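**Student:** Quick one: this structure, given as structure tokens, is what I'll be asking you about.
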Amino acid sequence: MTLSVQAIPAFDPALRESAARLAEACRLPLADPNAVQPGDLVLTVTATRLELHELGHRGRPLALDFAHLDVTSPAGRTLRQPLAKAVGFKKRSQAPSILDATAGLGEDAYLLATLGCTVTAIERQPVVAALLCDAHRRLSLVQPEIAARLTVRQGDARQLLADFNPQPQVVYLDPMFPAMNRKTAERRPLQLLRRLAGDDLDADALLPLALQLAAHRVVVKRPPKAPPLAGLPPAFSCHGRGVRWDVYPRPRK
Ligand SMILES: C[S@@+](CC[C@H](N)C(=O)[O-])C[C@H]1O[C@@H](n2cnc3c(N)ncnc32)[C@H](O)[C@@H]1O
């Protein structure tokens, strides 16, 4: 996959400077207008937000925008949702602290922060992490209270979980599931995410680390008919449309 960074408009020195810093942080080249090809992905710094462009694709570029997320979708995204049940949410004043070890597009992390949970979202893919940080920056302008409950960190949870502090009440895992035998096409953001992040074939390794760390429970999001992560049966599952959350309670100390 060819991935690079550009500024639009390219004549703006401040944007060009931001693009150069971002390219260095993500260890990516700056886009060469004479070398880019249709299908290439270009992380694009604009005056208002960070976007991921697929060259030659007629659809809109990907930019994460938490404040415009549909929180009413039946796929578990309402505020009276199975996601809330899965993480053990009972009332706002006792909302659990959550470590989302596989942040991706940050939708679950944002929804949990909306409920009142404090959420640390870890993402290892640098471009995805940069898009998340940019979404978080813009969220703090429009929903500062929710943004204050959400922290984004770039890194690999396999390392960060080993000595994570403070201990979260819940560790939440939602690794990519291999896109085999799908009857319907994935949403466009997920297609792009899969191009960037791959299939997370090492996801099983996260479960034992999460079980060591979580004070109350580990929650794993899975497709409805998928086997449990690492082959470990959960104590119980919560079901939404097209999704299942496997719950592994931890013994109270
Ligand atoms: C399916 S997406 C998560 C979607 C997310 N729950 C949401 O609501 O948008 C999975 C993400 O986990 C990330 N990931 C997988 N393994 C990881 C690890 N060990 N550390 C950090 N991020 C990881 C992948 O890069 C990918 O972006």
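Bear in mind that the values in this text are calculations on the coordinates, not laboratory data. Note that the coordinates shown come from a computational prediction; the quantities given were computed from them, not determined experimentally. Here the Cβ positions follow ideal geometry from the backbone for every residue, glycine too, while neighbour counts run over all protein chains shown.
**Student:** Quick check on packing: order 26-39, 185-198 by the mean number of other C-beta atoms within 10 Å, highest mean leading.
**Tutor:** Details: 26-39: 12.3, 185-198: 15.2.
Highest to lowest by the protection proxy: 185-198, 26-39.
**Student:** Explain nothing, just compute: Karplus ³J(HN,Hα) = 6.51 cos²θ - 1.76 cosθ + 1.60, θ = phi - 60°, for every residue of region 93-100 in order, whole Hz, x for Gly and Pro.
**Tutor:** Computed from phi, the couplings for region 93-100 are 5, 10, 4, x, 7, 10, 10, 8 Hz.
**Student:** Per the helix-only calculation at 222 nm, which mean residue ellipticity applies to the chain, given -39500 (n - 2.57) for every DSSP H run of n ≥ 4 and division by its residues, nearest 500 deg cm²/dmol? Mind dumping the intermediate values first?
**Tutor:** Working: 8 runs with 72 residues, N = 253.
It comes out at -8000 deg cm²/dmol, rounded to the nearest 500.
**Student:** Compute the signed sum of charges (Lys and Arg +1, Asp and Glu -1) over the other residues within less than 9 Å, Cβ to Cβ, of R124.
**Tutor:** Working: positive: R158; negative: E123, D156.
Here the count lands on -1.
**Student:** For A7, list long-range residues whose amide hydrogen, built 1.01 Å from N in the peptide plane, is under 5 Å from its own amide hydrogen.
**Tutor:** Here the answer is V45, since their amide H atoms fall under 5 Å of that of A7.
**Student:** Looking at the chain, what % of the alpha carbon pairs are farther apart than 28 Å?
**Tutor:** Working: 10796 of 31878 pairs.
Cα-Cα pairs of the chain separated by over 28 Å account for 34 percent.
**Student:** Averaging sequence separations of C-alpha pairs under 8 Å and six or more residues apart, then dividing by the length of the chain, give the relative contact order as a whole percent. Kindly include the intermediate steps, with their values, before the conclusion.
**Tutor:** Values: 455 pairs, mean separation 39.9, N = 253.
Relative contact order for the chain comes out at 16 percent.
**Student:** A further question on this structure: If amide H atoms are built 1.01 Å from N in the plane of the peptide, which residues on other chains or at least 5 residues away come under 5 Å of the amide H of G240?
**Tutor:** Amide H neighbours of G240, under 5 Å, 5+ apart: W245.
**Student:** Whole angstrom only: what separates the Cα centroid of region 154-228 from the Cα centroid of region 31-50?
**Tutor:** So the separation of the two Cα centres works out to 28 Å.
**Student:** Along region 134-148, what does the Karplus equation 6.51 cos²θ - 1.76 cosθ + 1.60 (θ = phi - 60°) give for ³J(HN,Hα), rounded to whole Hz, x for Gly and Pro?
**Tutor:** Once rounded to whole Hz, the list reads 5, 4, 5, 4, 6, 4, 5, 7, 10, 9, x, 5, 6, 4, 5.
**Student:** Just want the ordering: Y110, Y248, from fewest to most Cβ atoms lying within 10 Å of their own Cβ. Intermediate results must be reported in sequence, preceding the final value.
**Tutor:** Details: Y110 30, Y248 21.
Ranked by crowding around the Cβ, least crowded first: Y248, Y110.
**Student:** Order 237-244, 45-52, 137-144 from most to least packed using the mean count of other Cβ atoms within 10 Å.
**Tutor:** Working: 237-244: 16.2, 45-52: 18.0, 137-144: 14.1.
The packing order, highest mean first, is 45-52, 237-244, 137-144.
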